[in-house]
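Derivation of every value follows stated rules applied to the coordinates shown; laboratory data play no part. Predicted model, so just to flag it, every value in this text is computed and none were measured. Note: ideal-geometry Cβ built from the backbone for every residue, glycine included; neighbour counts use all protein chains shown.
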Amino acid sequence: MIDSQQQDFKKQNEQLVSLPVIEVIQETDEVRTFRLDNLKGQLAPHKPGMFVKVCLNINGAEVWRSFSISSSPRHPERIDLTIKRNPLGQVGNYFFDHIGPGSNILLKGPLGKFYFDPQEHTEPLVLLCAGIGITPMISMVRYLKEAEINNPCYLFYGARTHNDIIFDEETRSLITEMPDFHYFLTLSQPAPHWLGYCGYLNSDFVLSKIPQVQMSRFFLCGPRRFNQDFEISLLENGVPHEMIHSEQFHKNRKPK
């Protein structure tokens with residue numbers, strides 16, 4: 001019976017659906033959130049951290065890309081896709097130049113094994129991300145807040161400059177709203193007046209801020225080298241392999 005239910009769920013998530021864009025939110029100069037209307041429930045409920053596959057017709061060719069869902073599962077009536085424009089890319093530029101309120105997006109999902117499960121993941125959470133890798137993490141943090149889950153949560157976020165920071169105002173507000181939430185932001189190219197942490201996010205910095213490293217559950221989302229370096233360091237510091245979750249889009253997807 002369970003296998004049958006799993007097969008039905010997988011089959012549903014592989015179906016292509018069309019959702020209209022109802023709002024476009026400018027997050028930074030090069031990042032926008034495209035909010036899709038899922039009021040009819042065409043896209044199945046997702047777990048925080050999962051992604052969708054988007055299908056676009058660009059110059060007569062069918063082009064697929066994967067994007068994390070940045071909205072919380074507590075609001076299944078809308079699906080947020082937060083997308084960064086890549087000057088050399090194809091899909092991100094197409095979204096910025098051609099997709100707006102009233103556009104329809106073909107997609108399927110939710111998909112992926114990179115997600116937070118409140119029933120199974122009861123340990124302190126450590127979310128490590130760089131750049132646009134914050135998108136699945138913000139879904140997790142939003143879910144924790146809205147579901148009133150009081151797991152200790154540490155969000156470490158590495159950005160390039162102050163202008164590249166995504167969701168900063170919202171994330172900082174959560175520090176006062178969630179007593180067990182901790183936010184660490186570091187910039188690799190800070191302006192002279194920047195008073196926060198500087199440099200690339202690294203394991204020495206992260207491990208110095210976590211009280212129970214070997215008892216925490218880690219989610220990693222960033223460039224390939226970012227994920228690999230952190231995974232190696234965490235294993236060397238005694239974190240069990242099964243407590244480390246790594247987003248793997250970069251292994252088998254073209255750059256966004």
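Grab the Cα-Cα distance for residue 176 and residue 15, subtract it from 0.36 nm times how many residues apart they are, and report the gain in nm with one decimal.
Working: separation 161, 0.36 × 161 = 57.96 nm, distance 4.06 nm.
Gain on stretching residue 176 to residue 15: 53.9 nm.
Over the chain, what is the percentage of antiparallel beta bridges among all DSSP beta bridges, to the nearest 5? Each step should come with its number before you reach the end.
Numbers: 30 of 53 bridges.
Counting DSSP beta bridges with both partners in the chain, the antiparallel share is about 55 percent.
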Item to complete: Give me Rg over Rh for the chain, both radii from the alpha carbons and Rh done the Kirkwood way, two decimal places.
Response: 0.96
Practice prompt. Mind pulling the per residue volume of the convex hull built on the Cα atoms of segment 125-248? Å³ is fine.
Written response: 105
Fill in: Among 120-133, 36-49, 166-179, the order from most to least packed when residues are scored by Cβ within 10 Å on average
120-133, 36-49, 166-179
Discussion item. Lysine pairs in the chain with Cα distance under 18 Å, only those 8 or more apart or on different chains: how many are there?
Written reply: 23
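Between residue 208 and residue 23, what is the FRET efficiency for a Förster distance of 51 Å, r being their Cβ-Cβ separation, to the nearest 0.05?
Working: r = 40 Å, r/R0 = 0.78.
So the FRET efficiency works out to roughly 0.80.
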